[in-house]
Amino acid sequence: METQIFKEKTYTLEILYHIGALEDSIHFIFDHQTKTCAIIDPAWEADLFIKIVTDKGYKLTDIWLTHWHFDHTNAVDELVEKTHAKVSVGINEVSYLQINTHPTTLKHNETIFIGNTAAKIINTPGHSAGSICYLLAGHLIAGDTLFVYGAGHCSLPGGNICELFHSLQKLKQIDDDIILCCGHDYGSKKVSTMGEQKRDNAFLLIDKESDFVNYVQGMQYGTISYPTTPMTYSQIMAML
């Protein structure tokens, strides 16, 4: 397990890497003034997460989900039982959730808070039917929608390649200096800026939906390798 910490004006973002069987990245948002914490996509290690929060003198009050997949939600019910935290998820994801806890639903462009720290909701279907990203001051927490030099697959129920293409067009509008934080550490480095990803991420460089579909399907069929490093547009086109 590795940790990275970013201290911002109203909050501290702490990321735990390589958690559990599928090596998830777990994000904690610690609101400085209220001493409350939101955890994003908790899985595998509920007691560890509670200890991290309480050892810092904070209270875990919120669980924010980016999507329903088991490796991002399997600690939710245990955390709710032990902390009574409120669960929030994208409105289009509810029917896919495999948890017992009844969540609060979130819509595109809605703003939610942990203490005095705001997060804007960006609806980004594609990896799943109701995937969302959380845009905070300085950081985008993207779940599995976008990775450093990559993006999430569309092969599980609710996934859709064309929807992912259009979701990524939304993320291309985010300011270049925003730091991208992902649900897994799949790239050649752990974090990146959105500007860097707009320049070097194959999934963001492809600007035609048909090319995007061919590219993603090529990975599914094993004819195109999944990228983990910077790519150029000409390199991508040569694969199609």
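What follows is calculated from the coordinates using simple rules that are stated; it is not laboratory data. In this text, all values refer to a predicted model and were calculated from it rather than measured experimentally. Because the Cβ atoms are built from the backbone with ideal geometry, glycine has one as well, and the counts that use them run over all protein chains shown.
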For the chain, built as a Gaussian network whose Cα springs stay under 10 Å, the top-fluctuating residue of G138, G115, G183: G138
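Inverting the mean 1/r over all pairs of different Cα atoms, compute the Kirkwood radius of the range 1-130 and quote it in Å. Please report the intermediate quantities before stating the final value.
Details: mean 1/r = 0.0678 Å⁻¹.
About 14.7 Å, per the Kirkwood formula over Cα pairs.
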Pulled fully out, how much extra length does the chain show between K56 and E2, if you take 0.36 nm times their separation in residues and subtract their Cα-Cα distance? 17.7 nm
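Applying 1/(1 + (r/R0)^6) with R0 = 41 Å to the Cβ-Cβ distance of S95 and A238, what FRET efficiency is obtained, to the nearest 0.05?
Working: r = 40 Å, r/R0 = 0.98.
Rounded to the nearest 0.05, the efficiency is 0.55.
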Please list, ordered by chain and number, the residues whose modelled amide H lies under 5 Å from the amide H of S192; skip anything fewer than 5 residues away on the same chain. L180
For K35, list the lysines whose Cα falls under 22 Å from its own Cα; do not include residues on the same chain fewer than 8 positions away. K7, K9, K51, K56, K59, K82, K86, K120
Near K190, which aspartates and glutamates are there with a Cα under 18 Å away, not counting those fewer than 8 places off in the same chain? E2, E14, E23, D24, D41, D144, D176, D177, D200
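For the range 2-194, calculate the relative contact order in percent as a whole number, restricting contacts to Cα pairs under 8 Å that are 6 or more residues apart.
16
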Under 18 Å from a label point 7 Å along Cα→Cβ of E81: give me every residue in the range 98-125 with its amide N that close. 98-103
Expressed to one decimal in nm², the mean projection of the alpha carbon convex hull of the chain is 11.7
Ranked by GNM mean-square fluctuation in the chain (Cα springs under 10 Å), the top entry among E14, E110, E78 is E110
